[in-house]
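Chemist: Questions regarding the structure given below will be posed in turn.
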Amino acid sequence: MQSMAEQQRPSTPPLTPPRDQAKGEAVIVPIPIVMGAIEEIVTPGREHPPEEEEEGNEDHETDVFGRNYPTARRAATGEAVPISGSVLPGIGTVEAPIQTARAALHIADEMGALPPRSVVERGAEMAGEEQERRSIEGVEKSGERKHFRKDEEKFEVPQVGEEKPAEAEHIPGEWNVSQRVDPSRYDPRVPYIAGFSNGIEITDPIILETKFGAEFPKWLRGAYYRNGPGLFDIEYLDKKRHITTFSFEHWFDGLPLVHRFQIDGAKGEVQYRSRFTATTLENLIREYGRKTHKTTDTDLGRLGLSRMESDPSAVAVNFAIQPGFPIGHGLPVSDHLVLTTDSTLLQEIDPVTLIPKRAFRYEHIHPAFKGEVAAAVAARDIQHKILVNYAMEYLANGHAKYTFFGLAEQDRFDPPGHLMATITGRPTHAHSIALTKHYVVLVAFPFTTTWRTGFRKVVPWLSHPSPSSPSSIRKEMYFDPHGHTTFHVIDRDRREEVCIFRTGPMYALNIINAFETDDGQTVCIDMNTYDNDEILRCWDLRNLRTSEMPPWPGATVRRYVLSKIPEASTVYKVNKSKLPEPFFTHRTDFTLEWPRINPDSPTHQYNYAWGLSISPEKRKLTNVVWDTIVKANVAEKSRIEWRQEGCYPGEPIMIPNREAEVINEDNGVVLSIVLDTVNNNISFLLVLDAATMQELGRANLPVHVPFGFHGMLFAALMVFKTFSLIEWVSCSGAWTQEVHG
């Protein structure tokens with residue numbers, strides 16, 4: 001029986017007829033290999049010289065910098081044409097000879113030259129060895145960069161029962177396109193530089209090496225997903241055939257790389273796979289760079305918006321991930337894994353293979369949910385199984401229209417969803433919103449747009465915050481140090497804005513939790529709060545990837561109290577200019593960024609939050625990023641932490657143990673993806689005891705994982721061999737859906 005790789009192997013196409021033999025143009029002969037087709041170039045009337053003629057015709061030459069480059073030879077003159085190896089991603093990996101051969105053939109074709117014979121033969125030889133090895137293993141190799149795979153839409157998902165994940169092998173990360181960026185923008189001496197370097201996708205599942213202790217939880221089972229930027233620098237061949245690198249300006253703008261960890265605590269096994277989900281946009285950026293000669297820019301996400309309906313990989317959605325996304329029409333939520341960002345753009349991907357399935361907006365679900373900006377971290381009403389968010393639309397007068405809406409799990413209306421309220425105010429950037437039992441609260445910071453923004457409909461050539469790039473939004477907005485922060489309170493039952501609270505300037509990305517007091521008249525909102533927006537400028541890649549980066553501004557967890565809402569609502573009806581001021585208390589004296597809580601705690605009073613911080617002795621030092629996972633007791637204002645020298649953790653995800661005899665808020669585990677700069681700059685999945693913050697185990701990856709943003713775990717994902725039953729149980733414990741095929 002043929003293996004899957006053999007069944008999908010293309011047959012050797014016939015020789016392409018010469019295009020114009022009189023002019024000596026090239027004839028292209030595709031050579032099928034595992035990584036995609038290589039093209040061998042033969043000039044009519046002139047074949048490769050015999051072996052004895054090659055002795056004096058070297059295939060490599062050294063430039064003035066001492067670098068040894070392969071060369072092509074022009075057919076007419078015989079002059080050498082150097083082929084820089086830096087055109088290729090992944091030099092130094094197993095696939096390097098294959099990719100070098102492909103580049104040599106491509107450039108020789110462009111120049112009408114003969115490629116170096118030894119380079120082509122070596123590439124074909126390595127391709128054959130790789131194909132034979134993978135055929136034996138029964139694993140189709142798909143780890144090459146996505147822009148070489150042109151038949152992606154024809155990919156057939158193998159049945160899980162037949163899938164045999166390969167053992168993880170270390171993939172060398174020494175050679176990375178990010179390391180060839182201008183030294184003024186990329187300093188390899190920065191200790192955590194790998195976290196802001198291009199990632200490597202592994203599209204076929206591999207079994208990770210695990211180090212689990214005796215107390216590793218057997219109950220831990222499910223699929224853990226993480227979204228975030230994975231491609232910061234893109235190389236392309238410009239019109240003069242020079243190798244040029246395009247680099248994004250901000251951490252938030254990197255093209256997404258989605259990770260999936262399949263965890264089985266009973267077996268002590270972790271499978272891993274990852275995928276770039278904006279490969280078409282990546283190629284569009286290459287073409288844009290070739291035409292404009294730019295090496296950096298913002299708002300390049302707009303390049304793929306016109307084709308996103310036909311090609312879901314033409315957009316970049318890189319901030320958060322929502323398993324069980326409620327699409328509506330009574331469809332089971334288990335079928336929908338959706339990526340989100342700080343815009344209304346959404347991208348649905350396959351829950352197992354991570355292949356993009358479609359790209360759409362909230363307004364495609366319901367036409368009333370129109371806008372350009374939304375919260376990347378939508379709120380969840382666990383009790384009523386509703387996702388709550390807003391859509392902000394820019395108005396011609398410089399203001400913005402906010403539409404608050406909810407999407408229910410079992411909504412069978414057409415169109416699905418329900419409108420909560422519509423308000424008008426100044427534009428702002430709200431990465432998350434607050435949700436309680438009776439209220440939705442939008443915190444509008446004095447981080448707003450310039451006067452030009454409102455005239456985008458009147459004067460179309462004026463730039464404006466784009467729905468495709470967080471960085472472009474940031475570039476068009478400014479922080480007013482003398483402005484006000486307003487809390488817009490939406491009554492979920494009355495479906496209207498009932499009052500506004502106003503306080504001084506501040507900025508926050510992540511709202512930790514919100515809840516009401518027992519009498520229901522007061523709302524408490526906990527946020528990791530900065531004094532201004534300076535932290536966003538610190539996250540420019542020029543700062544993050546160069547030495548002597550100054551210390552980051554500190555933040556604290558503040559609890560803002562909106563008291564006596566019914567009374568404030570009565571006053572607001574008759575006098576909308578008289579706004580009450582909330583008071584706040586400090587719940588920590590340290591930063592708690594990318595904070596998470598027990599998924600059963602939202603909208604309820606709680607004690608614990610887990611987040612990232614910088615160790616106290618390093619807070620005032622240069623070139624320091626988050627190096628500590630902190631468990632903060634916001635009630636008692638105490639902390640427990642985990643850190644290891646040379647390790648930089650990502651967002652901690654708290655997973656509760658619902659099989660325990662005694663259910664406590666901190667009874668469970670914490671998951672985090674950690675970059676280990678001491679151990680060859682590779683990453684590992686860390687598992688901690690959520691109560692004690694003691695390590696229970698780790699699973700080592702063969703690659704580094706770039707620093708990312710938000711993740712989510714489905715506590716159970718069982719896919720049987722026949723795909724007859726899929727059972728999903730979200731980490732909130734509130735949703736269980738069975739689909740019988």
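Chemist: When only residues in the stretch 627-663 that are over 18 Å from ARG698 (Cα atoms) and out of contact with any strand residue (DSSP E or B) (no Cβ under 9 Å at 6 or more places or on another chain) count, which is most open to solvent (accessible area, probe 1.4 Å)?
Modeler: Within the stretch 627-663, the match that is most open to solvent (accessible area, probe 1.4 Å) is GLU661.
Chemist: Can we say LEU462 is more than 21 Å from ASN318 (Cβ to Cβ) and modelled with pLDDT of 95 or more? Give the steps one after another, and end with the answer.
Modeler: Numbers: more than 21 Å from ASN318 (Cβ to Cβ): yes; modelled with pLDDT of 95 or more: no.
Spelling it out, it is not the case that LEU462 is more than 21 Å from ASN318 (Cβ to Cβ) and modelled with pLDDT of 95 or more.
Chemist: Out of (1) part of a loop (DSSP other than H, G, I, E, B); (2) crowded, with 17+ Cβ neighbours inside 10 Å, what's the single condition that is false for GLY554?
Modeler: Unmet for GLY554, out of (1) part of a loop (DSSP other than H, G, I, E, B); (2) crowded, with 17+ Cβ neighbours inside 10 Å: (2).
Chemist: One residue is enough: does the stretch 637-654 have a residue meeting the conditions touching a Phe, Trp or Tyr at 6+ places or on another chain (Cβ under 9 Å), among the aliphatic types (A, V, I, L, M) and not in a loop (DSSP other than H, G, I, E, B)?
Modeler: yes
Chemist: Taking PRO367 as the residue in question, decide whether it is touching a strand residue (DSSP E or B) at 6+ places or on another chain (Cβ under 7 Å) and open to solvent by 10 Å² or more (accessible area, probe 1.4 Å). Outline the logic, then answer.
Modeler: Details: touching a strand residue (DSSP E or B) at 6+ places or on another chain (Cβ under 7 Å): no; open to solvent by 10 Å² or more (accessible area, probe 1.4 Å): yes.
Considered against the rule, which asks whether it is touching a strand residue (DSSP E or B) at 6+ places or on another chain (Cβ under 7 Å) and open to solvent by 10 Å² or more (accessible area, probe 1.4 Å), PRO367 comes out as no.
Chemist: If you scan the stretch 246-266, which residues turn out to be assigned to a loop (DSSP other than H, G, I, E, B) and either of a type outside the set (A, V, I, L, M, F, W, C) or more than 15 Å from GLY195 (Cβ to Cβ) (or both)? Walk me through it before giving the result.
Modeler: Just the residues of the stretch 246-266 that are assigned to a loop (DSSP other than H, G, I, E, B), to begin with: 248-249, 254, 265-266.
If the condition is that a residue be assigned to a loop (DSSP other than H, G, I, E, B) and either of a type outside the set (A, V, I, L, M, F, W, C) or more than 15 Å from GLY195 (Cβ to Cβ) (or both), then GLU249, GLY254, GLY265, ALA266 are the ones that fit.
Chemist: On to the next question. How about the stretch 511-530: which of its residues are modelled with pLDDT under 95 and either small (Gly, Ala, Ser) or under 21 Å from THR591 (Cβ atoms) (or both)?
Modeler: Across the stretch 511-530, the qualifying residue is only GLY520.
Chemist: Being over 17 Å from ASN283 (Cα atoms) and not in a strand (DSSP E or B) is the filter here, so list the residues in the stretch 222-241 that pass it. Before you say what the answer is, go through the steps one by one.
Modeler: Filtering the stretch 222-241 for residues over 17 Å from ASN283 (Cα atoms) gives 222-228, 240.
Scanning the stretch 222-241 gives ASN227, GLY228, LYS240.
Chemist: So, in the stretch 481-527, how many residues would count as being under 19 Å from ALA635 (Cβ atoms), charged (D, E, K, R) and in a strand (DSSP E or B)?
Modeler: Number of matching residues: 2.
Chemist: Filter the stretch 267-282 for residues that are within 16 Å of ILE200 (Cα to Cα) and part of a helix (DSSP H, G or I) and give the result.
Modeler: THR279, GLU282
The rows are residues; the columns are (1) touching a strand residue (DSSP E or B) at 6+ places or on another chain (Cβ under 6 Å); (2) of a type in the set (A, V, I, L, M); (3) over 26 Å from LYS218 (Cβ atoms).
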| site | (1), (2), (3) |
| --- | --- |
| LEU675 | yes, yes, yes |
| VAL678 | no, yes, yes |
| ASN681 | no, no, yes |
| ASP689 | yes, no, no |
| LEU696 | yes, yes, no |
| PRO706 | yes, no, yes |
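Chemist: Scanning for something in contact with a helix residue (DSSP H, G or I) (Cβ under 9 Å, 6 or more places away or on another chain), open to solvent by less than 10 Å² (accessible area, probe 1.4 Å) and of a type in the set (S, T, N, Q), does the stretch 344-361 turn up at least one residue?
Modeler: Yes, some residue in the stretch 344-361 is in contact with a helix residue (DSSP H, G or I) (Cβ under 9 Å, 6 or more places away or on another chain), open to solvent by less than 10 Å² (accessible area, probe 1.4 Å) and of a type in the set (S, T, N, Q).
Chemist: Exactly one of (1) more than 18 Å from ASN318 (Cβ to Cβ); (2) of a type outside the set (Gly, Ala, Ser); (3) out of contact with any Ser or Thr (no Cβ under 9 Å at 6 or more places or on another chain) is unmet by HIS431. Its number?
Modeler: HIS431 satisfies all of (1) more than 18 Å from ASN318 (Cβ to Cβ); (2) of a type outside the set (Gly, Ala, Ser); (3) out of contact with any Ser or Thr (no Cβ under 9 Å at 6 or more places or on another chain) except (1).
Chemist: Taking the conditions exactly as written (closer than 24 Å to PHE196 by Cβ, assigned to a strand (DSSP E or B) and either at pLDDT 95 or above or of a type in the set (Asp, Glu) (or both)), does VAL669 satisfy them or not?
Modeler: Details: closer than 24 Å to PHE196 by Cβ: no; assigned to a strand (DSSP E or B): yes; either at pLDDT 95 or above or of a type in the set (Asp, Glu) (or both): yes.
Taking the combined requirement at face value, the residue does not satisfy it.
Chemist: Something else now. Might you check whether a residue that is open to solvent by 10 Å² or more (accessible area, probe 1.4 Å), over 19 Å from ILE614 (Cα atoms) and of a type in the set (Val, Ile, Thr) occurs anywhere in the stretch 513-535?
Modeler: Taking every residue of the stretch 513-535 in turn, at least one turns out to be open to solvent by 10 Å² or more (accessible area, probe 1.4 Å), over 19 Å from ILE614 (Cα atoms) and of a type in the set (Val, Ile, Thr).
Chemist: Please verify whether the stretch 283-306 includes one or more residues that are assigned to a loop (DSSP other than H, G, I, E, B), open to solvent by less than 20 Å² (accessible area, probe 1.4 Å) and either out of contact with any Phe, Trp or Tyr (no Cβ under 7 Å at 6 or more places or on another chain) or modelled with pLDDT of 90 or more (or both). Give the derivation first.
Modeler: As a first pass, look at the stretch 283-306 and keep what is assigned to a loop (DSSP other than H, G, I, E, B): 293-299.
Filter once more, so that each one left must be open to solvent by less than 20 Å² (accessible area, probe 1.4 Å): none.
Within the stretch 283-306, not a single residue is assigned to a loop (DSSP other than H, G, I, E, B), open to solvent by less than 20 Å² (accessible area, probe 1.4 Å) and either out of contact with any Phe, Trp or Tyr (no Cβ under 7 Å at 6 or more places or on another chain) or modelled with pLDDT of 90 or more (or both).
The values are calculated or read from the model by the stated rules, or taken from the named source; none is laboratory data. Bear in mind the structure is a predicted one, so any value in this text is a computation, not a measurement. As a convention, Cβ positions derive from the backbone with ideal geometry for all residues, glycine included, and neighbour counts pool all protein chains shown. Heavy atoms of the whole protein, side chains included, go into the accessibility calculation; ligands, DNA and RNA do not. Shrake-Rupley method; radii C 1.70, N 1.55, O 1.52, S 1.80 Å.
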